[in-house]
1. How much of the DSSP bridge set in the protein assembly as shown is antiparallel, in percent, rounded to the nearest 5?
2. If we hang a label 7 Å off Cα along the beta carbon direction at B:THR293, how far is it from the matching labels on the other copies, in nm, shortest first?
3. Taking only the C-alpha atoms, wrap a convex hull around chain B and report its volume per residue in Å³ as a whole number.
4. Once you wrap a convex hull around the alpha carbon atoms of the range B:78-187, what is its projected area averaged over all directions, in nm²?
5. Using alpha carbons only, how many angstrom separate the centre of the range A:73-140 from the centre of the range B:180-257?
6. At 7 angstrom along the Cα-to-beta-carbon line, where would the label on A:GLY98 sit relative to the other copies? Give the distances in nm, shortest first.
7. Loop-only check: which trypsin sites (Lys or Arg not before Pro) in the range B:1-90 are DSSP coil with at most 12 other Cβ within 10 angstrom?
8. From the C-alpha gyration tensor of the protein assembly as shown, pull out the three semi-axes of the equivalent ellipsoid (sqrt of 5λ each), sorted largest to smallest, in whole Å.
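All of the numbers you see were taken from the coordinates with simple rules; none came from a lab. This is a predicted model, so every value here is computed, not measured. Note: ideal-geometry Cβ built from the backbone for every residue, glycine included; neighbour counts use all protein chains shown.
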There are 2 protein chains.
Amino acid sequence: MNKTVYVLGLGHIGLPIAAWIALSGYQVVGIDIDRNKLNDIRHNRVKIHEHFNGMHLSQLVYELVGNQQIIISDHLSRLDKKPAIFIITVGINPIENGEHDLSSLQSSLDMLIPLLKEGDLVIFKTTMIPGTCEDYIAPQLIGRNIMLAYCPETIAETRAFIELNANPRILAALDEKSWQAAAGFYRSLSPAPIIAASSFRIAELAKVVQNVIRDVNVALANELAELAELLNVDNQELRELVNVHPRVELLQSGPGVGGYCLPNALGYLQASIKETDTFKLELSELARKINQTRPGKVVQVLRQALAENGKQMENATVAILGLGMKDYCADTRLSPALAIINLLTDNGVRIKAYDPLIECCEYQVQSLPYCLDGADAVIICALQEGMKASLQEMAYYLSPPLIIIDTRDSVETWEGILLYRV
Amino acid sequence: MNKTVYVLGLGHIGLPIAAWIALSGYQVVGIDIDRNKLNDIRHNRVKIHEHFNGMHLSQLVYELVGNQQIIISDHLSRLDKKPAIFIITVGINPIENGEHDLSSLQSSLDMLIPLLKEGDLVIFKTTMIPGTCEDYIAPQLIGRNIMLAYCPETIAETRAFIELNANPRILAALDEKSWQAAAGFYRSLSPAPIIAASSFRIAELAKVVQNVIRDVNVALANELAELAELLNVDNQELRELVNVHPRVELLQSGPGVGGYCLPNALGYLQASIKETDTFKLELSELARKINQTRPGKVVQVLRQALAENGKQMENATVAILGLGMKDYCADTRLSPALAIINLLTDNGVRIKAYDPLIECCEYQVQSLPYCLDGADAVIICALQEGMKASLQEMAYYLSPPLIIIDTRDSVETWEGILLYRV
């Protein structure tokens, strides 16, 4: 009979994982101290935008909880005395001055440790500051005959169920027994390859480096988009042509980099370097800086566009389309759209924001026509399904010339609009 | 009957292209003003390391010239009066202070223009400063009923024949007629997709950007390799783990970036920016700087390794293995190995260099045992076939402790050596 699987943390990663494991026939217990999250799950109101076989995660989890394949709770207690599997997805949060807050992780450990018994397997999924498993977590767990593994997650938000099944996994463990137990568990869930890492530290580092590489390449895309603008070539066509090369990928430029993974990655690397070391991650730091300047760049383009059309930013009404941290996504953590809204309201701009998938912001209106109505300019910050088509259909409602600042290279120019790309 | 194809420039790109076109049944005329190159071709002494169906390029071209499928010459004259195809592979050379030397390109044009007739098709393959085709070349050619196209090359040296057949091509042209003529020609050579670019400028830019992206990602690999060293994790394993991610590629770190394409790419981009523009390619510039510091970093590691073993660099004999600009390559243009040799000889180090494929350097010796004999340290700068195995076999000849500085993550540590990785 399958072991019970306890998933600690029911967020963007934890909840899809809990559902995925339950779908494989395991009894899952999902734990989160945030009762709002639990209520949203119980009432089919989960906003995380994932789908399994066409079914929204919210509905899927609602049903899995309904028939007790997943039991949810705000505290951890064991269902029975059999050896169990514990999966921890609780994150490490950056705070001020390059410091990090390990308190959520420690709360999970505090909740977990008293309940652990010989034969239990604990798997951490959390993106870690390299060294955390070895220096911080393992000392709290070893000597108790507990099996311990680290298996960082690489799923892209909005593609969780596809990638949970398909993506190869990096797996590090305390010892051979732990590694085999964790590998066996994952083999029971999907046929994806499992790649052994020689230490916790290298697995943690690999995960963070993956995110830094994406961040640096977005920064490069942003830098090259500015060059394309200067040379008066179309950035989207440039990207398509560059990516004709079999060994090159130019990522998409945009209004900044949001979400939890990429913006925080550099900080995890920096935290792994001792203060006494003189080494600097120069390139990664500059990339982060470039990505952080993008919302300001969008505002600068808006200001110029308004000025060219005899308008002032201070008296303008601006429609913000798309609030997700990236296209087709309901996650607004560190979303560039919100950063842009903040910069604009600081400048006295009146905001109307629209996103069909997300409710997160006081300036939000419920329909695209109402959002566009009376706007002096539109900023497309992130796409959602159907948004581009609706915008194009809406053209005849708009009083020309409507200024569109397109950060997603998403719309073609059409009569009556003034298109600026960032 | 097929048109005659004239290939101007018989270097690392031009010569494989000439052979590839001849193999498709075209009569090829190969032109190069460098008579040494022509002599090397005539005497089967071509050092460009490419193979077609197991046959070295030198032998292949020797045979193609022997049976007149390729006719070679140091000046351009037409074989007949039929419309012909002219392929120009002659490059733009960087000179001092960000300036570029277009004289070779102009010499090709000067040679070509008087001979051009209505119906001729001229295809440029050269990596260009964006704007060159439109602003510099086209004005010299248009108005004469000449067809003009630009089709940048993406083949990796050592893989020319595979990639000439397989890689999709970017194709820009003066007009629809030119585009169709060039596309038809390429379709007669290979089934690889042909992607239309909307202008010369964007095609030129795409080509240079492909190289800049590689350069930046090598710089990032170099930065992360230093972090890996600091955190005491194995850089090669880290790379393998990072690349488990389906959307991420960590390139290989190394002793620097050589060859003609990558180191010069940034300069081509910078030259496309007007002096009046305030825009800076900050990230790409920092990446270039990082890659340029790598030979110095290798020397620094050597100095420290020698010091740790009670030796001084000034009295040392150092074996340099591999002189190619990258692994398994006979091209030494801007090779990091040569930069390292220069830095070392400036410091009074005695050099013995070895490369089984290349003859280019006054310090070169003819065998690996002789190269290693008496060396205080070995620096592996680039791999060649069999070199790693030979080095490992040779272990028992060496008087321990032999210091090995491995810039290619190529050797495992073994008894009697002190391994340092850069």
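1. Roughly 10 percent of the beta bridges in the protein assembly as shown run antiparallel, per DSSP.
2. Nearest first, the other copies' label points are 2.0 nm away.
3. Hull volume over Cα atoms, normalised by residue count, gives 159 Å³.
4. Orientation-averaged projected area of the Cα hull: 7.9 nm².
5. About 38 Å separates the Cα centre of the range A:73-140 from the one of the range B:180-257.
6. With the label placed 7 Å along Cα→Cβ, A:GLY98 yields 3.2 nm.
7. B:ARG45, B:LYS81
8. 50, 39, 24
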